[in-house]
Each structure stands twice: as C-alpha cells, then as structure tokens.
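Some notes on the structure that comes next.
All of the numbers you see were taken from the coordinates with simple rules; none came from a lab. Note that the structure is a prediction, hence the values are computed from the model and not measured. Using ideal geometry, Cβ is built from the backbone for each residue, glycine included, and neighbour counts are taken over all protein chains shown.
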Amino acid sequence: MNPGARLLILGKQGAGKGTQALRLSRHYVVPHISTGDTLRQAIRSGSELGREARRYLDSGELVPDQIVIGMVRERLTRPDTSHRGFVLDGFPRTVAQAEALSTILSPKGLHLAIDLEIDTTSVLTRLAGRRVCADCGANYSVVDNPPRVPGLCDVCGGEVVQRDDDTEAAIRRRLELYERETAPLIAWYDSRGLLARIDALGSPDAVTERVVAVVDRRILRRPGS
Ligand code: AMP
C-alpha cells in the first residue's frame, strides 16, 4: 500500500524542481501542483487570472501573494489532495506564502520540504538548454534530455518549446528574487524540523533516488500521519 505524501520542493530556477516534482508525484501517486504551470495555463486560456499574471511572468517578477495563495488554497482543499497528499512545485516562494500554507494544511502539516541544492553556474547552463511541453509542462533539455521526436512531448505529444521567461534578463531577475524572497524559506523550514537538503547535481534518476530515500525514512517515522 502506497500511503501518499505531503511534499514541497524548493530550489533555484533550473535546479530540477519540475522534473523531480513530476517523478515524485508518480512515485507517491499524488497530484503534482505547479503554480508556474497553473499560471502559464491561465495565460494560454486567456482567463482573467491569465491576463493579470502575464506581465509578472514575462518580466520574471513574482505574482502577488494573495493571487497564488488563493490558487493553492483552492487546489489543496479538493478531495484528492486532502486525502492522499501532493507535491508542491514553485510554491511557496515567500515567507508569507509559507505561513499561509501552514494554515491551509493545519492540522496535518507537511512531511518534508525538499531543497534541491545547486550552484548558480550549473543552473545558468541548465536554463539555457531548458525546453518545456506547452501542454503538460514536462521538462526537457537540448543538452542531455531531448524529447524522442524533436519538438514533440514524449508524455502527451504537445509542442516542446523554450519558455517565454527563459530570457537572460528574466532569468537574472528570477535568480535575484530567489535569493531575496525564497532562499529564506530554507531556514524557515529547517527551524521547524521539516527540511531535507538534497544534492541536485547528477542524473534525474540519481536525484529522485536520493529524495525518495529521505522521504520514505520520514514517512516511516510518522506512519499514518
Ligand atoms: P516557475 O514555473 O515555477 O519557474 O514559475 C514561473 C513564474 O510564475 C515565476 O517567475 C513567477 O512569475 C510566477 N510564479 C510561480 N509560482 C509563484 C509563486 N509561488 N509566487 C509568485 N509567483 C509565482
């Protein structure tokens, strides 16, 4: 029996959050909740949320807390996540979001916040080669993980493209915001006994193995929680 898990992934842009979140969601059979994917879908659909969010994403700025917190609250109160759990990817990104998340999840709380550790030089190389499926959000790399058929997603057959915000200026801005707004969350979760630091270098398989070993140990220590 696979008990599910309540996890979130921290890490710089290009650390492999999306790739690992998707793999962990399959492993623990829980939804993968990516605020970036949800916002990009909203932009594609032309909804009011999408129209509002577009300028933030294009410039690499953070979408205001109350918008993303509302999105995540709505998703986390649906039965699939409240019952089996979730893998959050790209949320929280600010201390205000982390505080809101802890209220939303109360009294169950998280099993673990996983920090994918990587140096800035490595992420700049990864981001330059990053490609993403415009439909399902699966990640690829022109360097070491291209789709089997060029330009088409292995998972859903959608179009594989470079993200609009993977420009040099937007990447620089996102890394700055990461250091200022998101990096403090590492200490925030650590002080609550909820942080696991994982080396994000190496193959996606090797990184997943490291994460699963740590998560399984944590879930076994708190069975039924
Ligand atoms: P990502 O796909 O996680 O890199 O997110 C892409 C963009 O979506 C970010 O650069 C932000 O503009 C926006 N975004 C995603 N998640 C959040 C969040 N938790 N808080 C604020 N903005 C976010």
Which value, in debye to the nearest 20, gives the size of the charge dipole of region 135-194 about its Cα centre, when Lys and Arg are +1 and Asp and Glu are -1 at the Cβ?
160 debye
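Which loop-located trypsin sites (Lys or Arg not before Pro) does region 167-225 contain, where loop means any DSSP state but H, G, I, E or B and the Cβ has at most 14 other Cβ atoms within 10 Å?
R192
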Computed log₁₀ I(q)/I(0) - Debye formula, equal Cα scatterers, no solvent, region 1-44, q 0.14, 0.18, 0.23 Å⁻¹
-0.37, -0.58, -0.84
Label the chain by shape, choosing from rounded, prolate and oblate, from the square roots a ≥ b ≥ c of the eigenvalues of the Cα gyration tensor; if a/c is under 1.5 it is rounded, and otherwise prolate applies when a/b is larger than b/c, oblate when it is not.
rounded
Per-residue ellipticity at 222 nm for the chain, helices alone: DSSP H runs ≥ 4 residues times -39500 (n - 2.57), over residue total, nearest 500 deg cm²/dmol?
-15000 deg cm²/dmol
Loop trypsin sites (Lys or Arg not before Pro), region 69-164, which have at most 11 other Cβ atoms in a 10 Å radius of their Cβ (DSSP)
K108, R148
Let me check I've understood the local charge: for I104, count other residues with C-beta under 14 angstrom from its C-beta, Lys and Arg +1, Asp and Glu -1. What total comes out?
+2
Test of the criteria: in region 1-109, which chymotrypsin sites (Phe, Trp or Tyr not before Pro) are in a DSSP loop and have at most 15 other Cβ atoms within 10 angstrom of their Cβ?
none
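Tally the DSSP beta bridges in the chain and give the antiparallel ones as a percent, rounded to 5.
Values: 8 of 25 bridges.
So the antiparallel bridges amount to about 30 percent of the total.
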